[in-house]
Amino acid sequence: MTDNVDAGGGEPTTEGNGRRRFPGISSRAYEHPADRSALVALRKLTGFDAVFKAMSGMLPERSLRLLFLSDSVRVSERQFAHLHEMLLDACYVLDLEKVPPMYVTQDPRPNAMCIGLDQPIIVLTTGLIELLDEDETRAVIGHEVGHALSGHAVYRTILLFLTNMAVRVAWIPLGNIAIMAIVTALREWFRKSELSADRAGLLVGQDVQASMRGLMKLAGGNHLHEMNVDAFLEQADEYEAGGDLRDSVLKILNVLPRSHPFAVVRAAELRAWAAGRDYQRIMDGHYPRREEDRDASVTASVRESAGHYARRVRTSGDPLMRLVTDVAGGAGELGGRLRDFATGAARGARGSSQDRAERPDDGASEPPDSAGR
């Protein structure tokens with residue numbers, strides 16, 4: 001099945017179908033810097049440690065497992081055999097020794113999740129299975145196996161239970177506020193963790209077009225003949241760069257209640273990573289190993305995250321990002337620049353000052369023409 005040529009830094013093993021395998025790969029190899037940063041910030045949130053410890057002991061994980069066992073279909077050699085093969089393949093490619101149980105549940109909404117405390121469980125909805133083709137489904141299963149390898153299932157499970165709890169205690173004064181602060185932080189982290197898992201899905205499927213098609217279908221449904229990946233990515237570029245400061249603020253407000261980033265954002269992030277050096281290095285067999293995780297430098301991870309954000313701010317076409325850069329460089333007073341960006345007054349002011357500078361100073365008073373107002 002494989003030709004074993006891995007020596008801790010050389011070529012990874014290659015399967016008979018031409019896809020690479022990554023023995024001993026650490027989740028650090030594909031984790032998005034924003035994922036790590038958000039997780040660090042989450043753990044520093046006041047009260048999170050206490051909630052985490054309490055929820056870890058209180059969550060009815062056994063009940064959760066019985067729920068899926070009783071009301072979903074467990075994937076195996078005899079049920080959804082093709083999904084079972086993909087699950088085994090994904091665990092093989094990412095070298096995840098303990099294969100998580102996987103269930104298919106009846107739900108027309110396309111979705112997948114990896115939950116559980118002691119042992120991750122992967123759940124796929126029927127809507128997702130009916131939406132995606134084999135290569136796209138392989139990327140999704142690899143995405144969920146990436147969550148399992150990264151240890152994301154624990155925090156995802158706590159997010160689900162806290163979200164339900166927030167609804168139940170909404171009537172208690174200040175009770176909902178305390179819980180929603182942690183839920184909001186968990187959602188912020190989970191959105192970033194999706195970017196990491198998308199990378200894991202690409203490592204499993206090793207087909208960029210299939211990963212892009214899957215994200216496009218999540219946005220537009222099963223009308224592939226009516227859609228185009230290149231045009232979809234152009235949408236991503238327009239979303240990232242277009243609009244003024246008001247649009248930047250609205251983007252933030254729109255994403256806050258969501259557990260996942262927008263599909264075009266995920267596509268743009270994955271495209272950039274697939275075209276970069278880090279992905280190619282992994283494909284060439286150069287990646288961090290799990291055996292090195294305990295020696296990994298936390299400072300280096302923080303530095304990498306900071307560098308990632310600095311590069312994003314410098315290269316982004318987003319007006320809010322540009323504003324942050326300008327203000328950090330001492331380019332004016334924050335309130336005034338916010339007003340200028342929001343109203344377009346900055347351009348008008350520059351035009352007026354330029355007109356005055358170019359107008360000859362003959363001491364005569366001229367009425368302003370309409371274009372200068």
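The values are calculated or read from the model by the stated rules, or taken from the named source; none is laboratory data. Keep in mind that this is a model prediction, so the values were computed, not measured. Because the Cβ atoms are built from the backbone with ideal geometry, glycine has one as well, and the counts that use them run over all protein chains shown.
Can you say whether V154 is closer than 21 Å to A29 by Cα, aliphatic (A, V, I, L, M), buried (at least 17 other Cβ atoms within 10 Å of the Cβ) and modelled with pLDDT of 95 or more, as far as the supplied structure shows? Answer is no for this residue. Look at S211 and say whether it is in contact with a Ser or Thr (Cβ under 7 Å, 6 or more places away or on another chain) and of a type in the set (S, T, N, Q). No; evaluated as a whole, the condition is false for this residue. Annotation: of all residues in the range 266-295 being surrounded by 12 or more Cβ atoms within 10 Å (Cβ to Cβ) and among the basic types (K, R), the one that is nearest to A148 (Cα to Cα) is R290.
Consider the range 233-253 and keep the residues that are closer than 23 Å to E188 by Cα and of a type in the set (A, V, I, L, M, F, W, C). The one that is modelled with the highest pLDDT is A236.
Residue-by-condition table, conditions (1) of a type in the set (A, V, I, L, M, F, W, C); (2) in a helix (DSSP H, G or I):
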residue: Q209; (1), (2): no, yes
residue: R213; (1), (2): no, yes
residue: D230; (1), (2): no, yes
residue: E234; (1), (2): no, yes
residue: H260; (1), (2): no, no
residue: W273; (1), (2): yes, yes
residue: H286; (1), (2): no, no
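The listed residues are R290, R303, and the only one of them that is charged (D, E, K, R) and at pLDDT 90 or above turns out to be R290. Is it the case that R191 is more than 14 Å from V140 (Cβ to Cβ) and surrounded by 13 or more Cβ atoms within 10 Å (Cβ to Cβ)? Taking the combined requirement at face value, the residue satisfies it.
Of all residues being free of Cβ contacts under 8 Å to residues at least 24 places away in the same chain and surrounded by 14 or more Cβ atoms within 10 Å (Cβ to Cβ) in the range 89-110, which is farthest from D198 (Cα to Cα)? Just the residue, please. Result: D107. Total residues in the range 36-85 satisfying the condition of being at pLDDT 85 or above, among the aromatic types (F, W, Y) and under 23 Å from D118 (Cα atoms): the figure is 1. Take the conditions (1) surrounded by fewer than 19 Cβ atoms within 10 Å (Cβ to Cβ); (2) charged (D, E, K, R); (3) in contact with a helix residue (DSSP H, G or I) (Cβ under 9 Å, 6 or more places away or on another chain); R138 misses just one of them, which is (1). Kindly indicate the residue of the range 191-232 that is small (G, A, S) and within 21 Å of A29 (Cβ to Cβ) and also modelled with the lowest pLDDT among those meeting that condition. It comes out as S193.
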